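One structure is given here, and the rest of the page talks about it.
The values are calculated or read from the model by the stated rules, or taken from the named source; none is laboratory data. If you're wondering where the values come from, they're calculated on a predicted model, not measured in any experiment. Glycine also receives a Cβ, built like all others from the backbone with ideal geometry; neighbour counts cover every protein chain displayed.
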């Protein structure tokens, strides 16, 4: 399923240490992570690109913006070649075929199920010295988000896929659930091995899943009594976990006590959460922690 994710930030001479832009290129182009490197109007190797951006930084004004950084989720529905074409089309649309850009695609190994691209843009035309994409404007991120939706959906359509992405918020789409937060691939890899990573994002996503699954499952149980989601939920744990706990408690209190023991089997996650809050009796069967690991603690 194609997902939407675009993160945009900058590196400036007055806001970052000298060499930060080069360090970012070195990191996204590191061995073991880099699947493919694309570029236009700048060096096509990591070492040369680092030397080039360092020279550009040194020659710029003291308060100049050095680069813009974008992280983009690549559709699983596309082949590696199609993803490369998508990034190339997107970068050329942003830069109008005039400003330098470099993209590091991560699509193999632990990133095979989480393909993404790190796009670096130097918003300065080499021949005129003027800005092209105007990425320092206040609305630049929103423009990038809308353009990524347009270009990515066009690529999906060409590939014959029915999947589409939407840059709008879930609220704007009329979807009644909370969005997940970005979860680092390292945390996912650790979880797939049966271990518990110390990841704030994982804890937050667990709380978000509790929100979403509880609301969906209880629509047929007590839709009239279902409390509304918070207008501005806390997005980081432990605040979000606390908010999810309060939400579960309010849902349980809204349902008649007689209905609690006869909840549908599909609400097993809900019953366990309710039992952990002490709002319904806890079952005697419990999942025992792995030997050597304290409950709730990473190994």
Yes/no for residue 50 being at pLDDT 95 or above, farther than 24 Å from residue 3 by Cα and touching a strand residue (DSSP E or B) at 6+ places or on another chain (Cβ under 6 Å): no
Pull up the stretch 101-110, narrow it to residues that are touching a helix residue (DSSP H, G or I) at 6+ places or on another chain (Cβ under 6 Å) and outside any loop (DSSP other than H, G, I, E, B), then point me to the one that is surrounded by the fewest Cβ atoms within 10 Å (Cβ to Cβ). 110
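Restricting attention to the stretch 1-19, report how many residues are assigned to a strand (DSSP E or B) and either touching a helix residue (DSSP H, G or I) at 6+ places or on another chain (Cβ under 8 Å) or without any contact (Cβ under 8 Å) to a residue 40 or more places away in the chain (or both).
Within the stretch 1-19, residues that are assigned to a strand (DSSP E or B) and either touching a helix residue (DSSP H, G or I) at 6+ places or on another chain (Cβ under 8 Å) or without any contact (Cβ under 8 Å) to a residue 40 or more places away in the chain (or both) number 3.
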Of the residues 19, 29, 60, 12, only one is in the same structural domain as residue 105 (by TED's automatic domain parsing) and on the phi > 0 side of the Ramachandran plot; which? 19
Looking at the stretch 20-34, which of the residues that are under 22 Å from the mean Cα position of the chain (by Cα) and assigned to a loop (DSSP other than H, G, I, E, B) is surrounded by the most Cβ atoms within 10 Å (Cβ to Cβ)? 29
Select from the stretch 1-19 the residues that are closer than 27 Å to residue 47 by Cβ, surrounded by fewer than 17 Cβ atoms within 10 Å (Cβ to Cβ) and in contact with a strand residue (DSSP E or B) (Cβ under 6 Å, 6 or more places away or on another chain) and list them in ascending order. 7, 9
Do we find a residue being more than 17 Å from residue 99 (Cα to Cα) and assigned to a loop (DSSP other than H, G, I, E, B) anywhere in the stretch 46-58? no
Given (1) in contact (Cβ under 8 Å) with a residue 40 or more places away in the chain; (2) farther than 30 Å from residue 44 by Cβ; (3) part of a helix (DSSP H, G or I), identify the lone condition not met by residue 171. (1)
Quick count over the stretch 65-100, residues being in contact with a helix residue (DSSP H, G or I) (Cβ under 6 Å, 6 or more places away or on another chain), part of a helix (DSSP H, G or I) and buried (at least 20 other Cβ atoms within 10 Å of the Cβ), is 2
So for the stretch 67-74 (the condition being under 24 Å from residue 151 (Cα atoms), under 20 Å from the mean Cα position of the chain (by Cα), free of Cβ contacts under 8 Å to residues at least 60 places away in the same chain and assigned by TED's automatic domain parsing to the domain that holds residue 111), does at least one residue qualify? yes
